[in-house]
Structures are given as C-alpha cells and as structure tokens.
C-alpha cells in the first residue's frame, strides 16, 4: 500500500479495471401495463382502465428512479393500447345509448332479438 494512496486504488492510469454494473430490472408495473393493454383488445373496459392506471404509475416510478427501473417502452405501449380501447369501448357504449334514445324502434329490435335467441336456445 502506498502512503499517498491509502485505499489501495490503482493510481496507474494505464491499468484498466472491469466495472460491473448491476443489471437494470424491468419495472413490474410496466410489464403489467403491457399485458393489460394487449388484453384490452379483447376485454376492453375490464382491462383498459386498470392498464391506464398502472401505466401512469409505472412511468412515474421509472421517472423517479431511471437507473433502477427499465421498461419505459413497455409502459408507453401498454398505455397507448389501453387508451385506444378505452376510448373505443366508451364510443360504443355512448353510441348504443344514443341509438336507443334517438332511433325509434332500436331498443325494441334489440330486446326482440335477444328474446328470440333465448327461445331458440331453449328449444335445442
């Protein structure tokens, strides 16, 4: 050990030391957001709303500690999918509500079709 270097750190600049970094782990919320976003293609409101919530939580967590969390791309992709299918589901719901109010006979045709389907299902 050298008196000018009491900690034993190599002072020679020609020596190269390997620096080992801990691998950055994917944020669990980002993975969850991506899964919920993909599932919202099929399950719309049931997974899109939780996808939006977990996506914003994941992005917030990644922003606070970017060196400890990875997965920003997954979180953004899940958020975009969740928002798209949330908006589509809401548009369909509002369209059905509007049509049942504004279009005469629409509500009755839906209920008649439903009851006919039930009757056919009971016959088989």
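The values are calculated or read from the model by the stated rules, or taken from the named source; none is laboratory data. Because the structure is a prediction, the values reported are computed rather than measured. Counting neighbours? That spans all protein chains shown, and the Cβs are built from the backbone with ideal geometry, glycine included.
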* Structure fact -> Apart from one, (1) under 30 Å from residue 110 (Cα atoms); (2) modelled with pLDDT under 90 all hold for residue 95; the odd one out is (2)
* Asked: For residue 80, which of the numbered conditions (1) assigned to a helix (DSSP H, G or I); (2) more than 9 Å from the chain's Cα centre (by Cα) fails to hold?
  -> (2)
* Asked: Within the set of pairs 6+ apart or on separate chains, which have a first residue in the range 79-93 that is crowded, with 17+ Cβ neighbours inside 10 Å, a second that is not in a helix (DSSP H, G or I), and C-beta atoms under 9 Å apart?
  -> 85/44; 86/44; 89/44
* Report, by residue number, each residue of the range 72-112 that is more than 30 Å from residue 58 (Cβ to Cβ) and touching a helix residue (DSSP H, G or I) at 6+ places or on another chain (Cβ under 7 Å). => 99, 100, 106, 107
